[in-house]
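Comments concern the structure below.
The values are calculated or read from the model by the stated rules, or taken from the named source; none is laboratory data. Since this is a predicted model, take the numbers as computed values, not measurements. Heads up, the Cβs are rebuilt from the backbone with ideal geometry, glycines too, and the neighbour counts pull from every protein chain shown. Ligands, DNA and RNA are stripped out before the accessible areas are found, and what is left, the full protein with its side chains, is counted by its heavy atoms. Shrake-Rupley method; radii C 1.70, N 1.55, O 1.52, S 1.80 Å.
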Amino acid sequence: MVMASSVKVVLGSIAFAAFWVLAVFPAVPVMPIGRTAGSLLGAMLMVIFRVITPDEAYAAIDLPILGLLFGTMVVSVYLEKADMFQYLGKLLSWKSRGARDLLCRICIISAISSALFTNDTSCVVLTEFVLKIARQHNLPPHPFLLALASSANIGSAATPIGNPQNLIIAVQSKISFGRFLFGLLPAMLVGVFVNALVLLCMYWKLLSIQKDEEDATSEVVAEQDVNSHRFSPATMSHLSSSNSQEWNSRLESMNTQGSPIMNVNTPAQTETLRSRLAPNEGEIHSVLSGTLDSARNSNVSKEAITDSSSQKKNENALSQRVLSMDRLSDVLSMTYSQGKETLAARWKRMLWKSCVYLITIGMLVSLLIGLNMSWTAITAALALVVLDFRDARPCLEKVSYSLLIFFCGMFITVEGFNKTGIPSSLWDLMEPYSKIDRASGTAVLAAVILVLSNVASNVPTVLLLGGRVAASAAAISAAEEKKSWLILAWVSTVAGNLSLLGSAANLIVCEQAHRTPHLGYTLSFWTHLVFGVPSTVVVTAIGLILIR
């Protein structure tokens with residue numbers, strides 16, 4: 001492609017520079033408007049500067065990619081609602097054998113969850129779990145946070161739904177979900193292993209800190225508040241007349257608050273409790289009848305009058321006790337009915353969660369057999385919305401619409417920058433040295449993608465280079481064209497591990513760790529860079545060997 005006019009080149013470069021600065025540094029002091037507004041600003045400038053026409057700008061928006069991204073986000077929201085990520089968090093601490101075992105688990109779980117549910121989602125929901133585990137075991141958090149972010153990036157490279165740049169590659173290349181998966185799965189598995197090995201080597205001494213015995217026996221995640229003041233039938237059966245009024249007042253307050261006083265879930269337990277209370281009620285009636293008979297047969301005297309007055313007092317006290325027993329029986333019946341309702345609600349929730357998991361598995365199977373990825377994801381999302389039988393607005397509000405808008409603005413901005421001819425001219429200079437039919441050419445291409453992904457971000461890099469790299473490889477063979485797309489997916493994704501600003505997943509982990517209440521930790525740029533450079537270089541190189 002020839003270069004456009006000088007005016008278009010200059011104005012298009014200014015618009016793209018504005019987009020790039022705000023995308024990489026969203027809180028820049030000059031204009032802290034964020035990434036989403038920055039992408040819209042770049043798109044608007046491209047149209048205002050007449051680098052592209054309004055019709056060309058609308059045509060640049062890739063609706064299949066937006067549909068696939070929206071569908072996967074909705075599915076992730078319902079999976080989170082169905083406690084999928086809470087179960088993943090429990091796996092991190094289940095029968096853990098120490099800090100090194102914990103780090104390896106984080107690498108594996110974050111990689112698998114990112115491949116299936118996108119890396120950003122996994123980092124959002126697992127960061128707090130990782131911080132809890134590290135703090136409760138008295139371990140430094142940063143090796144585990146690095147394991148989470150880096151493994152999430154590597155794992156997301158294996159599937160088209162793992163990250164946004166893979167979505168773009170899968171749609172533009174028309175590579176099926178199955179071919180994409182099996183082409184990159186070996187590189188992903190070995191990459192996760194090598195990344196964990198690098199972490200263990202760098203932080204071996206730091207991970208040798210022994211945890212406290214108390215922490216070793218404690219539950220780490222998914223802790224629930226336990227009420228230590230629940231009443232048991234054994235203690236309630238031993239009531240005395242001296243505390244009957246106290247129990248009566250407690251029962252009334254419990255009944256007023258609507259909270260169950262005990263767990264009575266079966267008729268057998270109710271009958272057991274009533275049988276324990278029965279002797280006390282018989283004793284009450286026998287004492288009452290005996291007192292009345294003695295009062296009738298006694299002579300009228302001062303002693304009888306005194307006994308009569310004491311008898312009335314006893315009658316009142318005993319009648320109050322009988323009343324408290326009746327109220328207790330009513331509360332037990334109410335608690336039993338509430339227990340039946342709770343059991344029914346629990347089974348209903350389990351059935352709903354099972355349906356959510358089945359629909360998600362069905363979506364993955366449909367993607368594997370080659371159905372349209374965008375419509376498959378949207379269909380699964382709508383099936384979950386209907387299955388919920390509730391107003392979908394709270395769940396749909398959790399979808400990152402700002403990300404969808406960011407993509408719209410980015411599509412327009414990158415298309416305008418391509419119209420200037422600058423990317424094509426730069427590629428023409430690099431293409432002779434970037435032929436993937438030889439090892440040196442693959443290395444040069446990987447280096448270009450690695451640098452651009454950290455300078456211009458990975459998604460714009462894929463949009464800028466995707467078509468050009470594929471066209472160059474297609475001149476060699478169709479197999480090389482497919483391999484070039486997979487190389488682009490692998491390198492642009494793993495490149496995110498190079499620095500803290502390399503991918504959105506890194507920034508999410510850093511921000512979530514900093515904002516977590518009572519567990520806040522700041523992951524510094526240099527801490528990430530010291531680990532990121534060797535890990536990214538080694539993992540990228542090994543993956544390039546395994547991609548076929």
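Inside region 86-110, can you point out the residues that are modelled with pLDDT of 80 or more, open to solvent by 20 Å² or more (accessible area, probe 1.4 Å) and not acidic (Asp, Glu)? Write out each step before concluding.
Initial filter on region 86-110 (modelled with pLDDT of 80 or more): 87, 99-110.
Filter once more, so that each one left must be open to solvent by 20 Å² or more (accessible area, probe 1.4 Å): 87, 100-101, 104-105, 108-109.
Selection gives 87, 100, 104, 105, 108, 109.
Whether any residue in region 534-548 is basic (Lys, Arg) and free of Cβ contacts under 8 Å to residues at least 24 places away in the same chain is what I want to check. Can you show your working first?
Filtering region 534-548 down to residues basic (Lys, Arg) leaves 548.
Those still in the list that are free of Cβ contacts under 8 Å to residues at least 24 places away in the same chain too: none.
No: region 534-548 contains no residue that is basic (Lys, Arg) and free of Cβ contacts under 8 Å to residues at least 24 places away in the same chain.
Inspect all residues belonging to region 53-66 and state whether any of them is open to solvent by 10 Å² or more (accessible area, probe 1.4 Å), modelled with pLDDT under 85 and either among the aliphatic types (A, V, I, L, M) or closer than 29 Å to residue 424 by Cα (or both).
Of region 53-66, the ones open to solvent by 10 Å² or more (accessible area, probe 1.4 Å) are 53-56, 58-64, 66.
Checking the rest, the ones that are also modelled with pLDDT under 85 come to none.
The answer is no; no qualifying residue exists.
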Of the residues 484, 453, 499, 472, which is outside any helix (DSSP H, G or I), in contact with a helix residue (DSSP H, G or I) (Cβ under 8 Å, 6 or more places away or on another chain) and within 30 Å of residue 13 (Cβ to Cβ)? 499
Hey, among the residues in region 434-445 that are modelled with pLDDT of 90 or more and under 26 Å from residue 13 (Cβ atoms), which one's surrounded by the most Cβ atoms within 10 Å (Cβ to Cβ)? 445
Those residues of region 397-430 which are touching a helix residue (DSSP H, G or I) at 6+ places or on another chain (Cβ under 7 Å), open to solvent by 50 Å² or more (accessible area, probe 1.4 Å) and in a helix (DSSP H, G or I), in sequence order: 402, 405, 415, 419, 430
Considering only region 196-208, I want to know if a residue exists there that is farther than 17 Å from residue 547 by Cβ, out of contact with any Ser or Thr (no Cβ under 9 Å at 6 or more places or on another chain), at pLDDT below 75 and in a loop (DSSP other than H, G, I, E, B). no
Restricting attention to region 131-159, and to residues there that are modelled with pLDDT under 85 and in a helix (DSSP H, G or I), which single residue is surrounded by the fewest Cβ atoms within 10 Å (Cβ to Cβ)? 135
For residue 171, indicate whether it is part of a helix (DSSP H, G or I), more than 26 Å from residue 541 (Cβ to Cβ) and open to solvent by 20 Å² or more (accessible area, probe 1.4 Å). yes
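Would you pick out the residues in region 7-51 that are of a type in the set (Ser, Thr, Tyr) and surrounded by fewer than 22 Cβ atoms within 10 Å (Cβ to Cβ)? Don't jump to the end; show me each part of the working.
Just the residues of region 7-51 that are of a type in the set (Ser, Thr, Tyr), to begin with: 13, 36, 39.
13, the sole residue that qualifies.
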For region 167-178, pairs from a residue that is farther than 15 Å from residue 492 by Cβ and touching a residue at least 24 places away in the same chain (Cβ under 8 Å) to a residue that is crowded, with 19+ Cβ neighbours inside 10 Å and not hydrophobic (A, V, I, L, M, F, W, C), with Cβ under 6 Å and 6 or more apart or across chains, are 177/160
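Name the single residue, out of those in region 482-526 being polar (S, T, N, Q) and open to solvent by less than 20 Å² (accessible area, probe 1.4 Å), that is nearest to residue 199 (Cα to Cα). Steps first, please.
Of the residues in region 482-526, the ones polar (S, T, N, Q) are 484, 492-493, 497, 499, 503, 506, 512, 516, 522, 524.
Subsequent filtering for residues that are open to solvent by less than 20 Å² (accessible area, probe 1.4 Å) retains 484, 492-493, 497, 499, 503, 506, 516.
Working: 484: 29, 492: 21, 493: 19, 497: 13, 499: 15, 503: 19, 506: 16, 516: 24 Å.
Residue satisfying both the conditions and the ranking: 497.
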